[in-house]
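Since the structure comes first, as structure tokens, the remarks are kept for the end.
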Amino acid sequence: MRLWWVSLLAASLAGQTFEVLDVQKVRVEGDPAQWVRTVQVDASAPRIACEILVAGAAPGGVAAALRAAERGHDVCLLEETDEIGGQLLSVSALDEHRFIERAGGTKLYQELRRRIRDGSRAAYAWKPEVARLTDFNPGACFVSELCFEPRFGREAIREMLAAHGDRIRLFPRTKVLDLEVRDGRIRSVTAYRLDRDEGVRFEPGWVLDATELGDLLPLSGVPYVAGSEAKADTGEPHAAAEPNPACVQSFTYPFILERRDGEDHRIPRPPDYEKFRDGQPFTMKFNYSKEYGWSGEIVYDMFGEAPPIPNNQSPGPFFTWRRVRASKQIAGENPPPDRALINWPRQDYHEESLLEKSPAEQARILQQAKRQAYAFLHWLQTDADGQGQPGLLLVKEAMESDDGLSKYPYIRESRRLVGETRVIEQDIVLEEQPGARARAFPDSVGTGFYMVDIHPCGANERGRMMMPRPFQIPMGTMLPKGVDNLLPAGKSLGVTHLTNGAYRLHPVEWNIGEAAATIASLGLAEGRRPAIGRVQRELAQAGVALVWFDDLPLDHPSFAAIQLAAIRGIYPLSEHDLHAAPEAMVTRAEAARALAKFFGQDVDGPAKGLLDVPADHPHARAVEIAVEKSWMLRDHRNWFHPDLPFYWSDWNGPEPPPMELERLGPVLRRELAERLTR
């Protein structure tokens, strides 16, 4: 018996042993095995308690930490590199959309964008006609409304995090290794501090997974998917016939180049150059398939200022596409030269996925991806289909890395949890959604808009772009099965291989992070997963859109009320446009629908039709309910007058929520929203 006790004690003191990849140490040259460590976390490892642990400082992780701290919580933010910001910095030509200056970004995300612009403004003497622009674009690029040097993103993120003082505790170079799950909750998180060569255990209330690969999903034991689903599973028209866990979108190591004409900055020919050049192949030619109504094969010029019109469908300049510093916008006789972020489809690494691989295999794959990036750089300097430019200088300090490549690759697809809801292709693409918006989800916790942009895997998959309608982020996609206090704060939510192509972009990931932090915050207060209504109210009041409008600024005084009214179905929505039109008058028919929905009535059933409200009127059933309940009256001729303006005096039913009225009528849309959401 004594020997058994001694053996158990020895095992406890010895702790756990793990194989750990130090992703930031991977290099183009050398044996990949050297970047994998065997580490041990003893039972005596330090223990750190925090209310909310965020694993990964990608866009969603940063957003989650900021939102949680703003709500008064103690946050531990872990990141396995020393770079806080993830793809906000590795892809600083932001993947956004043309609405972004007015819609499709949270208030906190717009604050980040403002700080980035302010930092860029202060760094150079910009020409007056540029400096005064509210939508100033430092790179004057074509891919985004905001392209900037990564250093300005770093500064903005650091400032925003620092504003919360000790409430956000940063743990850079810290990788999660294991989770202790007991009784449906994560009780502790085992991690390793790569810079200190020591283990640590965190004891959080809630855990948010903002890792680029969804690393916490397999550790937690929740059901998840990797790779592409079968058409028989999702019913998606463009899904593959069979599931393929290895078919994961290709990933990329971006880098920054500076244009120095007349100079020679060619790098030596990298290992396996010809294999990478011919295997992709590297080219400035692209075929935008006529099958999809596009323009066919085009050839990109290296330099130039002619914008592609429409976006992605005509020859445009390669270097300008993701330019992050535009010399032409800077005053003076000798402005600094142009710089561009290089993140080009032919630069992608698609031969193997990083998912479900051992640390040693991941190290080898990452090295190959770095070699491919270097091979593409060498090709741009020496070949580029006859446009090679020896003067393209790799700016190593831009990424703050020894090799000039991003410290973590640009990951386009992670593991995805099996949640209560799954968003499929038919929910968002315009061919399947004839209205102005994508499918409506009553449990929306945010919005997004981007093409379904698929960078193909190495399993004979074709690249694909499908246009969506502005879409929502359902809370159901963020609720894993089996663990109550784990949430995704990035790409690992419940979407498919295809719809991931639209949900993986900067502003959407950021929104997911804010939503995750809000759910966790309320969960801490209530001791369980919070009700969707509570979450939506908190998000709307924090400047997060639940329903897409293109004319409702985040600082509009009725923003939250309109968002909450819209998600509850008591705000007039058009099938033909994205307008909130808050100053528009409410019609009597629209008011009838709002009242019926407010009192929990089904307004979508068959209607009989009134004298002046035929059965095919879009609000016919709602009008009938309002009349039957005597909430609204007909006139002495038995007419309802559906298109006349609504007055508060028309409300004949239960007393509405009290409110200090501006006028008795006609009632404006924002006024109706304010009163019904009080």
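The values are calculated or read from the model by the stated rules, or taken from the named source; none is laboratory data. Just so it is clear, the structure is predicted and the values come from calculations on it, not from any experiment. Virtual Cβ from ideal backbone geometry, glycine too; neighbours counted across all protein chains shown.
Do the conditions hold for residue 173, that is, is it touching a Ser or Thr at 6+ places or on another chain (Cβ under 9 Å), at positive phi and among the charged types (D, E, K, R)?
When the stated conditions are applied, residue 173 passes them.
Does residue 409 satisfy the criteria of being crowded, with 20+ Cβ neighbours inside 10 Å and either of a type in the set (Ser, Thr, Tyr) or more than 29 Å from residue 27 (Cα to Cα) (or both)?
Answer is no for this residue.
Take segment 554-566 and flag every residue that is farther than 14 Å from residue 674 by Cβ and surrounded by fewer than 17 Cβ atoms within 10 Å (Cβ to Cβ).
Matches in segment 554-566: 555 only.
Pairs only if they're at least six apart or on different chains, beta carbon under 7 angstrom, first in segment 116-128 and closer than 19 Å to residue 89 by Cα, second in a helix (DSSP H, G or I); list them, first residue then second.
Going by the 7 Å Cβ cut-off, the qualifying pairs are 116/152; 116/153; 116/156; 119/152; 119/155; 119/156; 120/152; 121/131.
Kindly evaluate residue 497 against the criterion of being under 23 Å from residue 84 (Cα atoms), modelled with pLDDT of 95 or more and surrounded by 23 or more Cβ atoms within 10 Å (Cβ to Cβ).
Considered against the rule, which asks whether it is under 23 Å from residue 84 (Cα atoms), modelled with pLDDT of 95 or more and surrounded by 23 or more Cβ atoms within 10 Å (Cβ to Cβ), residue 497 comes out as no.
Just checking, which of 257, 213 is within 22 Å of residue 370 (Cβ to Cβ) and in a strand (DSSP E or B)?
Among 257, 213, only 257 is within 22 Å of residue 370 (Cβ to Cβ) and in a strand (DSSP E or B).
Being part of a strand (DSSP E or B), charged (D, E, K, R) and without any contact (Cβ under 8 Å) to a residue 40 or more places away in the chain narrows it down to one of 180, 242, so name that one.
180
Let me confirm something: among 466, 451, which residue is surrounded by fewer than 19 Cβ atoms within 10 Å (Cβ to Cβ) and over 18 Å from residue 71 (Cα atoms)?
451
State the number of residues belonging to segment 225-239 that are outside any loop (DSSP other than H, G, I, E, B) and within 20 Å of residue 480 (Cβ to Cβ).
Matching residues across segment 225-239 total 3.
Residues of segment 340-368 being touching a helix residue (DSSP H, G or I) at 6+ places or on another chain (Cβ under 7 Å) and hydroxyl-bearing (Ser, Thr, Tyr), which ones?
349, the sole residue that qualifies.
Would you confirm whether or not segment 545-553 contains a residue that is modelled with pLDDT of 95 or more, crowded, with 23+ Cβ neighbours inside 10 Å and more than 22 Å from the chain's Cα centre (by Cα)?
no
Under 8 Å between Cβ atoms, which residue pairs at least 6 apart in sequence (or on different chains) link something in segment 651-678 that is in the same structural domain as residue 587 (by TED's automatic domain parsing) with a partner that is loosely packed, with under 12 Cβ neighbours inside 10 Å and small (Gly, Ala, Ser)?
From residues that are in the same structural domain as residue 587 (by TED's automatic domain parsing), the pairs are 652/630; 653/630; 664/649; 665/649.
Here are 607, 622, 615: which of them is of a type in the set (Gly, Ala, Ser) and either in contact (Cβ under 8 Å) with a residue 60 or more places away in the chain or part of a helix (DSSP H, G or I) (or both)?
Answer to the check: 622.
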